[in-house]
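Only one structure is covered here, and it is reproduced in the block below.
The values are calculated or read from the model by the stated rules, or taken from the named source; none is laboratory data. All of these numbers come straight from a predicted model, not from anything done at the bench. Heads up, the Cβs are rebuilt from the backbone with ideal geometry, glycines too, and the neighbour counts pull from every protein chain shown.
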Amino acid sequence: MRITLLLVLFYTSHFTLCCQSIEYNFSYIQDGYRGKVKSVTSYALTYSKIDSVKVDSVLARKGSFAFQKVFNEKGLLERIETCNLLNDTIEKIYKYDADNNIVAIARHTLGSSYFKTDTFIYNNVEMYLLQIMNDAEKIHVEGKSTLIYKKKLVFDCIKRHIRTEYYDENEVAVSATRFYYDYNSKLIVCETVDGAKTRNRYFQTFDSTGRKRNVQFVDGDGSFTMRSVYTWLNDNTLLFEMFNAEGKLEVKHKEFVILDKYGNVIKKYFYDLIGGTAIVFEYEFAYY
């Protein structure tokens with residue numbers, strides 16, 4: 001009788017867990033922002049020499065426009081503007097349903113009335129959603145450029161995104177990305193698969209506070225290709241190093257950030273310690 005009761009409780013709880021609806025949206029929480037953020041506007045200014053950079057907390061609004069994000073009072077991303085390589089400003093508009101799930105993303109070049117819209121279709125029984133793409137996206141499959149017209153995002157019973165499948169114009173799944181998490185739901189392994197063949201994989205580790213420490217990249221055969229090391233010098237300063245398969249240091253930079261009263265980064269100083277250049281990023285926040 002006790003065993004029967006335990007089995008009933010197990011299957012009931014399992015069924016209830018797996019009948020949860022997918023939650024998929026874009027919010028300031030996912031961006032790591034704090035407080036009731038209304039908008040954030042970013043600029044980037046490049047310096048040819050590190051020693052010409054003056055550190056301060058003043059938002060000078062100098063440099064190139066990078067992006068602007070606008071959030072509604074629920075914290076959901078409503079609009080984002082970015083600048084492409086041709087200096088065109090691209091606007092994306094995000095639409096949500098009554099459950100705050102994304103249903104459409106419309107994008108256009110500012111000044112143009114022509115919109116391209118991706119739509120999202122949810123299947124809460126099998127825990128996946130389809131992103132139907134208005135404009136094909138280019139990815140590389142087995143070294144070849146391939147156009148993708150649909151994505152399938154698959155979720156587990158606790159609503160974690162565990163797989164993305166990519167479909168060509170014939171609705172054939174040509175590639176997939178798989179995500180694996182630890183017991184804290186931290187992403188620790190990500191792999192890309194073309195058909196039945198693993199193309200690449202990376203592994204992540206974190207420190208006790210949840211900050212990233214190491215990322216190791218391997219190819220489809222499991223051979224080591226690259227390793228990234230994150231060393232936190234203090235709460236506001238990060239040293240980043242990347243080594244190739246032979247252990248040679250290829251990238252080394254330091255980041256220093258200044259925070260506002262909510263804990264959001266308002267200035268980031270990026271120092272290329274090999275090239276000797278620097279970039280200062282500014283983030284101007286508005287709050288509700």
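Residue 213 meets all of the listed conditions (1) among the basic types (Lys, Arg); (2) part of a loop (DSSP other than H, G, I, E, B); (3) more than 28 Å from residue 52 (Cα to Cα) but one, namely (2). Restricting region 210-252 to residues that are under 20 Å from the mean Cα position of the chain (by Cα) and of a type in the set (S, T, N, Q) leaves a set whose member that is nearest to residue 173 (Cα to Cα) is 216.
Every residue, every condition in (1) aliphatic (A, V, I, L, M); (2) within 30 Å of residue 62 (Cβ to Cβ), yes or no:
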| residue | (1), (2) |
| --- | --- |
| 191 | no, no |
| 207 | no, no |
| 230 | no, yes |
| 240 | no, yes |
| 251 | yes, yes |
| 262 | no, yes |
| 277 | no, yes |
| 281 | no, yes |
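Among the strands (runs of 3 or more DSSP E) confined to region 119-169, the ones with at least 3 residues that are touching a residue at least 24 places away in the same chain (Cβ under 8 Å) are located at 128-141, 144-155. Meeting the requirement of 3 or more residues that are closer than 25 Å to residue 270 by Cα, the strands (runs of 3 or more DSSP E) wholly within region 26-103 are 37-47, 64-71, 77-83. For region 255-267, check the following and say yes or no: at least one residue is touching a strand residue (DSSP E or B) at 6+ places or on another chain (Cβ under 9 Å), closer than 29 Å to residue 156 by Cβ and part of a strand (DSSP E or B). There is no residue in region 255-267 that is touching a strand residue (DSSP E or B) at 6+ places or on another chain (Cβ under 9 Å), closer than 29 Å to residue 156 by Cβ and part of a strand (DSSP E or B). Modelled with pLDDT of 95 or more and exposed (fewer than 15 other Cβ atoms within 10 Å of the Cβ): does that describe residue 205? Considered against the rule, which asks whether it is modelled with pLDDT of 95 or more and exposed (fewer than 15 other Cβ atoms within 10 Å of the Cβ), residue 205 comes out as yes. Among the residues of region 28-64, those identified as at pLDDT 95 or above and aromatic (Phe, Trp, Tyr) are 33, 43, 47.
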